[in-house]
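The values are calculated or read from the model by the stated rules, or taken from the named source; none is laboratory data. Note that the structure is predicted; figures quoted are calculated from it, not measured.
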Amino acid sequence: MRIYYALFSLLLLLVSAAFSHARAIHGANAVRIPEHTCHKLLSMNRCDLQKCNQECSKEPLGVGVCRNANCSCTYYCKQPPL
């Protein structure tokens, strides 16, 4: 009977650790504050999404999106834009 109790306790511990890890990852994505989001437009001859993201990732939490021939970056800025 003790073996079953020990295995059940171990299973509960593993399940709770998996859920807390998933919550921690989800919480990390929710860090961006809208007031601290800056935008930058990069002019390119032809926008390549991979190159766009590569350029935008030089900024903190930078993400790039192609719009026509331009690369539109959004990133985290410490001071809110004026």
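Is at least one residue of segment 8-15 of a type in the set (S, T, N, Q) and at pLDDT below 85?
If we filter segment 8-15 for residues that are of a type in the set (S, T, N, Q), which is where we start, we get 9.
Narrowing further to those that are at pLDDT below 85: 9.
Yes, there is a match, as at least one residue in segment 8-15 is of a type in the set (S, T, N, Q) and at pLDDT below 85.
Per-residue answers, yes or no, for (1) in a loop (DSSP other than H, G, I, E, B); (2) at pLDDT 65 or above:
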position	(1), (2)
27	no, no
35	no, yes
50	no, yes
55	no, yes
61	yes, yes
75	no, yes
